[in-house]
Amino acid sequence: MSRGPWLTAAFKAEVWRHWQAGESCAEIGRALDRTGGVIHGVVAERGGVAPVARCRSRRALTLPEREEISRGLCAGDSIRQMARRLRRAPSSLSREIARHGGRHRYRALQADAEAWRNGQRPKVCRLAQYPARGAGAPGGAHGWCDRYRLPINRLV
């Protein structure tokens, strides 16, 4: 959660570097030309524990693989041909292409940036996204089953 335009990732990284060196919020604030309260907000947001640097899974598509997909699409290759070259499952490539604009709008750099953004945590849980599906709502945990139009407890 950003608290202003000047709280960049580089600024926060510098705060954590000073914090891990054992400096107080006031000392860090003086070194970075900010108040101790601003520094405290950054540190308190994570409970005083520095965040772990993000890295991609070994199984995720890399930018060179996405560029190969983009080149293959421009050349008119089939998904199976590209999957064979990349040693990936055709379904993985099919989902990747569909997720990022389809055969005619797929761009490797945009797809890579979007995949990185989508992997960020924390994510909003499904019940928060669709509150009508919560407990007690029709189709929800304790409501009516949409498929059979029966109370859920009668399906057992």
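Right, G140: at pLDDT below 80, crowded, with 16+ Cβ neighbours inside 10 Å and part of a loop (DSSP other than H, G, I, E, B) or not? Considered against the rule, which asks whether it is at pLDDT below 80, crowded, with 16+ Cβ neighbours inside 10 Å and part of a loop (DSSP other than H, G, I, E, B), G140 comes out as yes. For the stretch 57-91, residues that are touching a helix residue (DSSP H, G or I) at 6+ places or on another chain (Cβ under 8 Å) and among the charged types (D, E, K, R) total 7. When G29 is tested against (1) surrounded by 15 or more Cβ atoms within 10 Å (Cβ to Cβ); (2) touching a Phe, Trp or Tyr at 6+ places or on another chain (Cβ under 8 Å), exactly one condition is not met: (2).
Scanning the stretch 41-51 for residues that are part of a loop (DSSP other than H, G, I, E, B), in contact (Cβ under 8 Å) with a residue 12 or more places away in the chain and under 22 Å from the mean Cα position of the chain (by Cα) yields A50, P51.
The values are calculated or read from the model by the stated rules, or taken from the named source; none is laboratory data. Owing to the predicted nature of the structure, the values given are computational and were not obtained by experimental measurement. Cβ: placed from backbone, ideal geometry, glycine included. Neighbour counts: every protein chain shown.
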